[in-house]
Amino acid sequence: MLQATTTRRHPASAIIGLGANLLPDHSTLSKTLQAALDMLAGDGVEIQSVSRFYSSPCFPVGAGPDYVNAAALLRVNESAADLLSRLHKIEASLGRERVERWGQRVLDLDLLAFGDEISPDLETVLQWRDLPISEQSTVAPEQLILPHPRIQDRAFVLVPMADVAPEWVHPVTGRNTRQMLGDLDADDVAQIVPL
């Protein structure tokens, strides 16, 4: 069984997903994502590439206004847990309140991948990946799961991710970003539109 990587030499590459569908003030959703990127850069985090910003239908359907989504490729000098903590602090500083799973949000920053790390272990990653949709919307993991268990299912993640890391290989499935994107329903992919 593959085990989680507990120590990592730095720097490491990471991929994050960004999303917003609620305005914290009289700004725009794109400005919210840009503000998050500005706050993220520096102090051991180098933003190597940022995708285009995309309009995406709200997920799940009917749960709120459409999103603006993006992805960024990072070079970091900290652990995955430290990076996730930094992402949560940025979310909070820009007005994110964690009230409802899959609810509307001012900002969502997801750590999608941290190099080829599988964390905490393969069994846990597979358990969360295979969780029935009815449970996904109500149950949240209490620990960091890497890679993000829903990457391969979501066009709003893979379309921007293909801009910044098209050849990234999922360490569990062995499929790269472009291949995973090609596995999705073409109608779902077509709904992710560059701004």
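The values are calculated or read from the model by the stated rules, or taken from the named source; none is laboratory data. Everything numeric in this text was worked out from a predicted model, so none of it was measured. Reconstructed Cβ throughout: ideal geometry from the backbone, glycine too, with neighbour counts over all protein chains shown.
So the values come out like this:
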item	result
Looking only at region 59-98, and only at residues there that are in a loop (DSSP other than H, G, I, E, B) and over 23 Å from ILE145 (Cβ atoms), the one that is farthest from the chain's Cα centre (by Cα)	GLY62
Restricting region 162-195 to residues that are part of a helix (DSSP H, G or I) and of a type in the set (Val, Ile, Thr), the residue that is farthest from the chain's Cα centre (by Cα)	VAL189
Residues within region 1-24 that are at pLDDT below 70 and not hydrophobic (A, V, I, L, M, F, W, C), tallied	8
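Conditions (1) in contact with a helix residue (DSSP H, G or I) (Cβ under 6 Å, 6 or more places away or on another chain); (2) under 22 Å from PRO166 (Cα atoms), marked per residue:
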{"residue": "LEU37", "(1), (2)": "no, yes"}
{"residue": "GLY42", "(1), (2)": "no, no"}
{"residue": "SER49", "(1), (2)": "yes, yes"}
{"residue": "TYR54", "(1), (2)": "yes, yes"}
{"residue": "ASP66", "(1), (2)": "no, no"}
{"residue": "ALA72", "(1), (2)": "no, yes"}
{"residue": "ASP82", "(1), (2)": "no, no"}
{"residue": "LEU87", "(1), (2)": "no, no"}
